[in-house]
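*Asks:* I have a structure I would like to understand better, so I am pasting it below and will then ask my questions one at a time.
The values are calculated or read from the model by the stated rules, or taken from the named source; none is laboratory data. All of these numbers come straight from a predicted model, not from anything done at the bench. All Cβ positions, even for glycine, are placed from backbone atoms using ideal geometry, and neighbour counts span all protein chains on display. To get the accessible areas, we keep the full protein, side chains included, count just its heavy atoms, and leave off ligands, DNA and RNA. Shrake-Rupley method; radii C 1.70, N 1.55, O 1.52, S 1.80 Å.
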Amino acid sequence: MDQQPDDRGEIRDFLVTRRARITPEQAGLPTSARRRVPGLRREEVAVLAGVSTEWYTRLEKGHIGGVSDEVLEAVSHALRLSEDERGYLFELAMSARRGNRKPARGPDRDVAAPVQWMLDSITMSAAFVRNGRTDILAANAMARALFGPLYASDTVDTRGHPNIARFVFLDPDSRRFYSDWRAAGAATAAMLRAEAACQPDDRKLRELIGELSTRSAQFRTSWAAHDVLLRHDGLKQLDHPDVGTLELSFQSLALPRPGTGVHELVLYTAAPGTTSEDRLRILAIAAASESAGSARAAASDAPARASRSVAPSP
């Protein structure tokens with residue numbers, strides 16, 4: 001299957017933005033005072049990759065389906081692509097090759113009960129499961145407390161699932177919650193772009209990207225940068241409305257789900273002995289108290305529900 005016009009535009013824009021960020025000095029090439037384009041010229045990338053200018057020009061115009069992995073590796077090296085960017089380029093090539101297009105992802109299913117049990121057993125870290133569209137599908141009590149602004153947002157769907165991208169770009173409260181809101185937005189857009197390459201036929205993902213493009217100028221700016229993130233780990237500072245500033249480390253682990261793509265288990269935790277750990281512990285106590293209260297309420301209501309379910313004797 002040949003790639004669609006939108007795919008060709010995606011490939012073109014990605015490669016153009018990657019070569020625009022590399023200067024001739026960085027590439028070890030001679031420079032001249034008269035340069036009509038930012039970064040490297042096409043012919044310079046071709047020289048660095050060891051291919052003809054005509055061949056690289058066709059690639060940059062989006063004709064990627066017949067390009068060998070060896071050439072893609074050489075272009076990745078010439079453009080100094082990160083590991084995530086290299087993976088993204090190969091995903092675009094995979095989608096364009098005949099017979100190798102991935103099947104559309106099936107509908108999201110509820111997270112399996114053992115996964116929820118695992119989340120609930122984690123008490124001193126915020127743990128949640130998200131899909132590639134950044135929907136939070138399941139979470140432990142600590143995550144619901146830590147990400148309370150997301151769960152209280154008008155962007156939550158009808159099933160009560162927050163969507164990180166909608167919150168970041170469409171809810172003004174996100175600017176207070178994320179200390180570096182622009183960085184959070186850039187990373188979120190980069191994850192969606194990587195997901196779009198992995199799941200080109202995901203209708204819900206296309207609708208989400210279209211909605212954000214229509215409603216958020218910041219998303220349009222971040223999307224136009226063509227940055228990609230396949231994994232998102234590191235440090236993040238959050239300004240929680242109840243406990244104040246938290247500096248947290250976060251890690252993500254893949255949870256493959258047959259027929260539904262890959263979900264990720266994400267954990268947020270604080271360094272031992274820090275103020276952030278103390279504040280996270282306060283959230284943990286509050287979350288445990290709320291969970292216990294909910295459990296007691298459910299238990300006290302159980303006899304009434306049982307009596308209502310029993311039919312009266314004739």
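*Asks:* For the full complex of protein chains and a 1.4 angstrom probe, list Arg35, Arg133 by accessible area with the highest value first.
*Replies:* Numbers: Arg35 65, Arg133 15 Å².
Largest to smallest exposure gives the sequence Arg35, Arg133.
*Asks:* If you average 1/r across every pair of different Cα atoms in segment 215-274 and take the reciprocal, what Kirkwood value do you get, in Å? Present the calculation step by step, with values, prior to reporting the outcome.
*Replies:* Details: mean 1/r = 0.0689 Å⁻¹.
Result for segment 215-274, one decimal place: 14.5 Å.
*Asks:* Additional query: If I compute solvent accessible area with a 1.4 Å probe over the protein chains, what percent of it on segment 156-211 is carbon and sulfur? Walk me through the intermediate numbers first.
*Replies:* Details: 1120 of 2360 Å².
Carbon and sulfur atoms account for 48 percent of the accessible area of segment 156-211.
*Asks:* Rounded to the nearest percent, how much of the accessible area of segment 212-274 (1.4 Å probe, protein heavy atoms only) is carbon and sulfur? Before the final figure, lay out the partial values.
*Replies:* Working: 1850 of 3200 Å².
Answer for segment 212-274 is 58 percent, counting heavy atoms of protein chains only.
*Asks:* Over segment 130-286, give the accessible area per residue in Å² for a 1.4 Å probe, as an integer. List each step's numbers first, then the result.
*Replies:* Values: 6940 Å² over 157 residues.
Ligands and nucleic acids excluded, the figure is 44 Å² per residue.
*Asks:* With every protein chain left in place, what is the accessible area per residue of segment 9-53 in square angstrom, probe 1.4 Å?
*Replies:* Numbers: 2580 Å² over 45 residues.
I get 57 Å² per residue for this part.
*Asks:* Now for a separate question. Which order do Val71, Val37 take when ranked by solvent-accessible area (1.4 Å probe, heavy atoms of all protein chains), largest first?
*Replies:* On the way: Val71 30, Val37 60 Å².
Descending accessible area places them as Val37, Val71.
*Asks:* Got a number for the accessible area of Tyr178? Probe 1.4 Å, square angstrom, nearest 10.
*Replies:* 10 Å²
*Asks:* Further question on the same structure: Just the accessible area for Ile122, please: 1.4 Å probe, Å², rounded to the nearest 10?
*Replies:* Ile122 exposes around 40 Å² with every protein chain in place.
*Asks:* Sticking with this one: Using DSSP to define loop residues, name the chymotrypsin sites (Phe, Trp or Tyr not before Pro) in segment 14-65 whose beta-carbon has at most 12 other beta-carbon atoms within 10 Å.
*Replies:* Values: sites: Phe14, Trp55, Tyr56; in loops: none.
In loop regions of segment 14-65 (DSSP not H, G, I, E or B), there are no sparsely surrounded chymotrypsin sites (Phe, Trp or Tyr not before Pro).
*Asks:* A further question follows. Express the carbon and sulfur contribution to the solvent-accessible surface of segment 3-95 as a percent, rounded to the nearest whole number, probe 1.4 angstrom. Before the final figure, lay out each step's value.
*Replies:* Working: 2470 of 4930 Å².
Its accessible area is 50 percent carbon and sulfur atoms.
*Asks:* For segment 16-159, what class follows from the C-alpha gyration tensor (a ≥ b ≥ c being the square roots of its eigenvalues): rounded when a/c is under 1.5, otherwise prolate if a/b is larger than b/c, else oblate?
*Replies:* Values: a/c = 3.28, a/b = 2.16, b/c = 1.52.
Prolate is the answer for segment 16-159, as a/c is 1.5 or above and a/b outweighs b/c.
*Asks:* Cα convex hull of segment 5-66: how many Å³ per residue? Kindly include the intermediate steps, with their values, before the conclusion.
*Replies:* Details: hull volume 5.2 nm³, N = 62.
So the per-residue Cα hull volume is 84 Å³.
*Asks:* Right, something else. Just subtract the alpha-carbon distance of Arg206 and Ala112 from 0.36 nm times their residue separation and send over the number in nm, one decimal.
*Replies:* Values: separation 94, 0.36 × 94 = 33.84 nm, distance 2.61 nm.
Length gained, Arg206 through Ala112: 31.2 nm.
*Asks:* What ³J(HN,Hα) values, in whole Hz, does the Karplus curve 6.51 cos²θ - 1.76 cosθ + 1.60 give for segment 77-92 when θ = phi - 60°, with x put for Gly and Pro?
*Replies:* 5, 5, 8, 6, 6, 5, 4, 5, 5, 4, x, 5, 4, 5, 5, 4
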